[in-house]
Amino acid sequence: MDKKAYNLKRTFEQPIVFYEITDNMRFNKGFRVDWIATFVVIELLLIFLYVKGFDVIVSSIQGMTILYFTVVPYFATKYLVKLKQDGKKLLFFLWDFIIYMLTIQMRKTHYAYDEEVYYNKQSKIKLE
């Protein structure tokens, strides 16, 4: 019997799902944590935009308020949860990108073979 290394990629890509909140509250279909968190963030962003000035646009069309607060966040969440950038889920990609920007890009750090390279500020180099 051949032994194969277990591929953890599929295991780690599985979403976290809640099937039971308390002993008395159980659900047949679970609730994905990433889906709910993304939906809440989008909903809060839309509420913030509504308070800051979108209320004029949204309230001007009859029935647009219901679409703005239910349908738009639902489909935006559905799209964002499926989206993958560089093979990573969107939230993990954004986190890695922010860390990269803060630690490497903004500090103007240069790396060679995973070690930081320190450059001298001398303008002329004399070889003898």
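Structure data summary
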{"quantity": "Among residues of the range 70-128, those that are acidic (Asp, Glu) and within 12 Å of the chain's Cα centre (by Cα), counted", "calculated": "1"}
{"quantity": "Selection from the range 79-98 of residues that are without any contact (Cβ under 8 Å) to a residue 24 or more places away in the chain and either part of a strand (DSSP E or B) or touching a Cys at 6+ places or on another chain (Cβ under 6 Å) (or both)", "calculated": "LYS84, GLN85, LYS88"}
{"quantity": "Any hit, the range 18-28, residues being surrounded by fewer than 12 Cβ atoms within 10 Å (Cβ to Cβ) and either under 21 Å from the mean Cα position of the chain (by Cα) or touching a residue at least 40 places away in the same chain (Cβ under 8 Å) (or both)", "calculated": "no"}
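Rule-based calculations on the coordinates, nothing more; no lab input. Because the structure is a prediction, the values reported are computed rather than measured. Methodologically, a virtual Cβ is constructed for each residue, glycine included, from the backbone with ideal geometry; neighbour enumeration extends over all protein chains shown.
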